[in-house]
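The structure under discussion appears below in the form of structure tokens.
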Amino acid sequence: MTKYTWRWATLCLVLLIPRTGLPCDSIEMLDAWIREPPPLVTVAAGYFTLKNTGSETAVIERIKSACCAEVAMHKVIAIGDQMRMTPMLNLTVLPGKTVSFTTGSAHLMLIAPTTPLRRGQIVELDFICSDGDSLRTSFDVVYSQ
Amino acid sequence: MHTKIIISVVVLCAAFAGGIYLTSKDQSRSSTNILGLLWPDPPTLSSFSLNDSNGNAVTERDLQGRWTLVFFGFSNCPDICPTTLATLNQVYEQLQSVENIFEKIQVLFVSVDPERDNNQNLQTYVDYFNSAFIGATADDERIKHFAGQFGVAYFKVKIPGPAGYSMDHTASVLLVDPQLRFVGIFSQPHEATDITARLVKIISFVEDAG
């Protein structure tokens with residue numbers, strides 16, 4: 001075998017090895033739920049807790065789902081008494097840290113659902129990490145009081 | 001002799017108890033130490049005009065004689081508005097067991113997004129939380145006039161994506177008394193039991209103060 005053949009063989013082996021320790025693999029999702037929107041309302045908020053159990057910083061670049069036209073990450077900023085909803089470019093979670101999207105702080109904004117979101121449904125959302133890997137998470141649609 | 005002593009003790013006790021009662025009553029009158037109470041000299045609302053879901057006018061006359069919890073928001077608000085309206089529903093339910101107050105309470109939700117909140121979807125939205133709640137809106141000028149009386153503002157803010165825009169607005173719940181005075185404000189964070197307790201205290205205080 002030539003030198004180049006060995007190199008190609010090595011590269012192929014590396015690509016075949018299961019990817020472990022990458023940011024998306026080290027993410028643990030907890031308490032994932034969506035607030036059931038009132039009838040005729042075309043946006044809904046999703047909440048979750050994300051735990052980075054790995055040794056690298058986890059970066060969620062975006063979220064996609066067949067459920068809606070778009071899923072965006074929004075944080076809520078209080079400016080005095082005013083509440084402002086601001087899009088987040090990404091979500092960065094340091095190793096060993098936990099981040100929670102909760103009412104009044106941050107939420108996923110599910111825009112224009114393809115079918116009405118009703119309590120009892122389960123919606124699958126794919127969290128896309130910076131390395132292109134993705135993590136599918138089930139969100140329960142909940143009637144929240 | 002015994003009778004005189006007993007009468008004297010009773011009179012002294014009565015005087016003591018009366019003194020305590022009057023002192024506490026006086027303290028409650030002068031106390032403004034209730035979080036959220038705007039006292040003394042609360043501003044009085046002037047005339048305003050909004051429309052409910054049936055197109056009927058909602059004016060200052062609809063607030064006279066009732067205690068009104070006012071909340072500004074919009075139906076496409078995914079987080080703060082549904083959370084607050086759900087909390088107000090809990091407050092409403094908790095007040096059902098409070099004698100002489102529940103009958104006087106009403107909740108007015110004012111949409112600051114008349115472009116998307118037409119009458120039909122506004123009432124459907126409000127009914128989802130409590131069918132006794134009143135949903136109202138108006139053109140921008142009339143909403144601004146009404147909101148301005150509470151010193152609150154709202155802004156249309158463009159956001160990327162299909163939602164197009166959002167509305168910045170106050171997250172506070174505002175309290176208007178039966179004489180149209182803006183007497184209370186419940187700021188974030190909202191917790192139903194806390195709001196109910198303070199609301200009852202404020203109503204009691206204001207009714208007592210006159």
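A few comments on the model shown:
- Matching residues, the range B:158-172, being within 18 Å of A:SER105 (Cα to Cα) and more than 7 Å from every other protein chain (Cβ to nearest Cβ): B:MET167
- Members of the range B:91-131 found to be in contact with a Leu (Cβ under 7 Å, 6 or more places away or on another chain) and open to solvent by 40 Å² or more (accessible area, probe 1.4 Å), listed by number: B:PHE102, B:THR124
- Exclusive hit being of a type in the set (Gly, Ala, Ser), farther than 20 Å from B:ALA86 by Cβ, in contact with a Ser or Thr (Cβ under 8 Å, 6 or more places away or on another chain) and more than 10 Å from every other protein chain (Cβ to nearest Cβ), set B:ALA138, B:ALA209: B:ALA138
- Flag if B:PRO178 is within 14 Å of chain A (Cβ to nearest Cβ), open to solvent by 30 Å² or more (accessible area, probe 1.4 Å) and not aromatic (Phe, Trp, Tyr): no
- For B:ALA209, the requirement of being crowded, with 16+ Cβ neighbours inside 10 Å, modelled with pLDDT under 95 and in contact with a helix residue (DSSP H, G or I) (Cβ under 7 Å, 6 or more places away or on another chain) is not met.
- In the range A:109-131, the residues that are open to solvent by 60 Å² or more (accessible area, probe 1.4 Å) and not in a strand (DSSP E or B): A:THR114, A:THR115, A:PRO116, A:ARG118, A:ARG119, A:GLY120, A:GLN121, A:SER130
- Count of the range B:183-196 residues, restricted to those that are more than 9 Å from every other protein chain (Cβ to nearest Cβ) and either touching a strand residue (DSSP E or B) at 6+ places or on another chain (Cβ under 6 Å) or exposed (fewer than 14 other Cβ atoms within 10 Å of the Cβ) (or both), is 6.
- Strands (runs of 3 or more DSSP E) (entirely within the range A:32-95) containing at least 2 residues that are surrounded by fewer than 16 Cβ atoms within 10 Å (Cβ to Cβ), within 13 Å of chain B (Cβ to nearest Cβ) and modelled with pLDDT under 95: A:68-79, A:82-87
- Selection over the range B:141-162 of residues that are modelled with pLDDT under 95 and open to solvent by 30 Å² or more (accessible area, probe 1.4 Å) gives a count of 9.
- A search for C-beta distances below 7 Å between a residue of the range B:53-68 that is at positive phi and any residue that is outside any strand (DSSP E or B), counting only pairs 6+ apart in sequence or on different chains, returns B:GLY55/B:ASN119; B:GLY65/B:PRO178.
- The numbered conditions (1) in a loop (DSSP other than H, G, I, E, B); (2) away from chain A (no Cβ under 12 Å) are all true for B:ASP113 except (2).
- Taken as a whole, the structure leaves A:ALA106 outside the set of residues that are aliphatic (A, V, I, L, M), surrounded by fewer than 21 Cβ atoms within 10 Å (Cβ to Cβ), touching a residue at least 12 places away in the same chain (Cβ under 8 Å) and within 21 Å of B:PRO82 (Cβ to Cβ).
The values are calculated or read from the model by the stated rules, or taken from the named source; none is laboratory data. Everything quoted here is computed from the prediction, not taken from an experiment. FYI the Cβ positions are ideal-geometry reconstructions off the backbone, even for glycines, and counts take in every protein chain you see. Ligands, DNA and RNA are excluded from the accessible area calculation, which covers all protein heavy atoms including side chains. Shrake-Rupley method; radii C 1.70, N 1.55, O 1.52, S 1.80 Å.
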